[in-house]
Every structure is written in structure tokens, then in C-alpha cells.
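The values are calculated or read from the model by the stated rules, or taken from the named source; none is laboratory data. Values in this document were obtained by computation on a predicted structure and should not be read as measured data. With ideal geometry, Cβ positions are generated from the backbone for all residues, glycine too; neighbour counts draw on all protein chains shown.
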């Protein structure tokens, strides 16, 4: 009785510590899934080659598994393996190959897109270089125009100053001319007055001479 209890406890312990892992049914095999451990238990399902099963517990030569459809039962452990089936390996390789092809296609598309972007950037750079040259030429023209403007401004300033000096000199000459005119008029007035006086004096003198001549003739 004691041995039975110990054996049951050990079996329960084994069942409890067994980790759930995924194994595969060996190649070219169909194994029976039973309700319990042993040939006397009812068959409840079939696991075929390469089918993945989840191992829930192991006891002796039997393993409790869960099939992909959710069915749980017991199978012989020797018909299970951790190695991926060849078909699964090929399937995985095909999936990886498809992913590689997809990444390659994406890389090619990205490369083509980058090439187009590069062409666009080169065209934009060419246009920008041309615009820079145009702006440089315009800047040179503007600078030349500014230099000409500065020269014209300086010339205008000089001419304005000279014109102001000439206007000042003109006013001075005008004033001098007016003064000269007044002086000329005064001179002519004096000359005219002198001529009148001289004529008067000459007339008086001549009159006196005439009178003297008359007196001398009368004697």
C-alpha cells in the first residue's frame, strides 16, 4: 500500500513538473491518441506525420498531448521528436526565401526611388547653380549700377555746389552791375550838369566880352 501511494505521488509529481513543449510526430507515421496510458484505453484521435502537438505531461513511455484542434489525449513518446520535420523545414525555408525576395524587391524599389530622387536633386542643383550664376551677374550689375549711381550722386552734389556758388556770384555780379549802373548814371548826371554849367559860364563870359567890345567901339 505504501508503495502504491509513493508511486502515485511520484507520478503526480512527474505530471506536475512536466513542461508544455511542442514536439512533432515522426516522419511517415500515424499514431493513435487514446484517452489514457495503455492499449486498453479508447482511441479518440489520430496524429499524422509532421503534425505539431503540445506536450502537457510525460509518464513513462507515454506523453499527454494536445493536438492542433484542441483534442487532448495520450500517445507513445517514442513517436514524438523535437526535430523539425523536413516538410516544416522546407516550408520555413520557403517562407524565409519569400521574405528575402520581398525585401530584395523592396530594396530594388527603394533603389529605383532613390535614383529618381537623385536625378531630381541633380536637376534641382543644376537649376540652383544656374540661378546662383544669374543672381551673381545681377549682383554685379547692381554693384556697377550702385557705383555709377554713387558717381552720379557725387557729380550731382559737386554740380549743385558749383551752381550754388555760381548763383551766389551771379547775385554779387548783379548787385555790382546795379551799383555800376547807379554810378554811371551819377557820372553822366555830373557830366551833364558840368556841361550845362560850363555852357552857362561860357555864355556869361562871351556876353561879357561882347559888352566890353561894344564899350570900346563906342569910345
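Points worth noting:
- The residue that is modelled with the lowest pLDDT, counting only those in the range 67-83 that are surrounded by 17 or more Cβ atoms within 10 Å (Cβ to Cβ) and assigned to a strand (DSSP E or B), is 80.
- The number of residues in the range 50-63 that are out of contact with any helix residue (DSSP H, G or I) (no Cβ under 9 Å at 6 or more places or on another chain) and either in a loop (DSSP other than H, G, I, E, B) or not assigned by TED's automatic domain parsing to the domain that holds residue 75 (or both) comes to 1.
- Residues of the range 7-49 satisfying the condition of being modelled with pLDDT under 90, surrounded by 15 or more Cβ atoms within 10 Å (Cβ to Cβ) and out of contact with any helix residue (DSSP H, G or I) (no Cβ under 8 Å at 6 or more places or on another chain): 18, 23, 49
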